[in-house]
Amino acid sequence: MSERTLFVAEPPATWLQREPVVVDCSVLAALLWNEPAAGEAAAQLTGKALHAPGLLAYELANVARNKCRAGVPADATLAGLAAFDEQRVLLHTSEPDTLFELAQQY
């Protein structure tokens, strides 16, 4: 049996030190579909570690549906959704009882 070299990929230290932010659907949609606020959205998100509730994927699908209904070609709409996968957004799930407690409190 011949020896094999094991390669381990580690993210650069700067990637690990990015400031965490919760990204809003409207900000991300502006970036994904190159809306007028895309430049401002990019400036706000560049260099940040993006986090969002798991609901974000459903919100973006709804934005895409609305864009199609407004006349945006389906291929352009799907391209925006495909670009979402490249954003490295960490989606978080929450338990309903925790959400209820937060809603009651705030």
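The values are calculated or read from the model by the stated rules, or taken from the named source; none is laboratory data. Fair warning: this is a prediction, and the values are worked out from it, not measured in the lab. For neighbour counting, all protein chains shown are included, and Cβ atoms are generated from backbone atoms with ideal geometry for every residue, glycine included. For the accessible areas, the whole protein counts, side chains as well, though only heavy atoms, and no ligand, DNA or RNA atoms are used. Shrake-Rupley method; radii C 1.70, N 1.55, O 1.52, S 1.80 Å.
Counting only the heavy atoms of the protein chains, how much of Asp24 is accessible to a 1.4 Å probe, in Å² to the nearest 10?
80 Å²
Looking at (i) 34, 16, 8; (ii) 19, 15, 12; (iii) 29, 23, 16, which value of semi-axes √(5λ) of the Cα gyration tensor in Å comes from a calculation on the structure shown?
Answer by label: (iii).
Taking only protein heavy atoms and a 1.4 Å probe, what accessible area per residue, in Å², does the stretch 30-73 have with all protein chains in place? Display every interim value, and only then the final one.
Numbers: 2530 Å² over 44 residues.
Value for the stretch 30-73: 58 Å² per residue.
Pairs of alpha-carbon atoms within less than 8 angstrom and 6+ residues apart define the contacts here; what relative contact order does the chain have, in percent?
Details: 80 pairs, mean separation 28.2, N = 106.
It comes to 27 percent, rounded to a whole number.
Calculate the dipole size of the chain relative to its Cα centre from +1 charges on Lys and Arg beta carbons and -1 charges on Asp and Glu beta carbons; express the result in debye to the nearest 20.
Numbers: 7 positive and 13 negative charges, 59 e Å.
So the magnitude is around 280 debye.
How would Tyr58, Tyr106 rank on accessible area, largest to smallest, probe 1.4 Å?
Values: Tyr58 165, Tyr106 195 Å².
Listed by decreasing accessible area, they come as Tyr106, Tyr58.
Return the calculated 222 nm mean residue ellipticity for the chain, to the nearest 500 deg cm²/dmol, obtained by summing -39500 (n - 2.57) across DSSP H runs with n ≥ 4 and dividing by the residue count.
Working: 6 runs with 56 residues, N = 106.
Calculated mean residue ellipticity at 222 nm is -15000 deg cm²/dmol.
With every protein chain left in place and a probe of 1.4 Å, what is the accessible surface of His92, to the nearest 10 Å²?
80 Å²
Given a 1.4 Å probe and the protein chains all in place, what does the accessible area of Glu40 round to, in Å² to the nearest 10?
Here the residue's solvent-accessible area equals roughly 120 Å².
Put Val23, Val8 in order of accessible area, largest first, 1.4 Å probe: what do you get? Don't skip to the end; give the middle numbers.
Values: Val23 10, Val8 110 Å².
Listed by decreasing accessible area, they come as Val8, Val23.
Under the classification rounded if a/c is under 1.5, otherwise prolate if a/b is larger than b/c and oblate if not, where does the stretch 42-96 fall, given a ≥ b ≥ c as square roots of the Cα gyration tensor eigenvalues?
On the way: a/c = 2.64, a/b = 1.43, b/c = 1.85.
Because a/c hits 1.5 or more and a/b fails to exceed b/c, the stretch 42-96 counts as oblate.
Scanning the chain for trypsin sites (Lys or Arg not before Pro) in DSSP loops with at most 15 other Cβ atoms within 10 Å, what's the longest stretch left with none? If you can, show how the numbers build up before the last one.
Values: sites that count: Arg4, Arg18, Arg88.
Looking at the chain, 19-87 is the longest stretch - no exposed trypsin sites (Lys or Arg not before Pro) with at most 15 other Cβ atoms within 10 Å.
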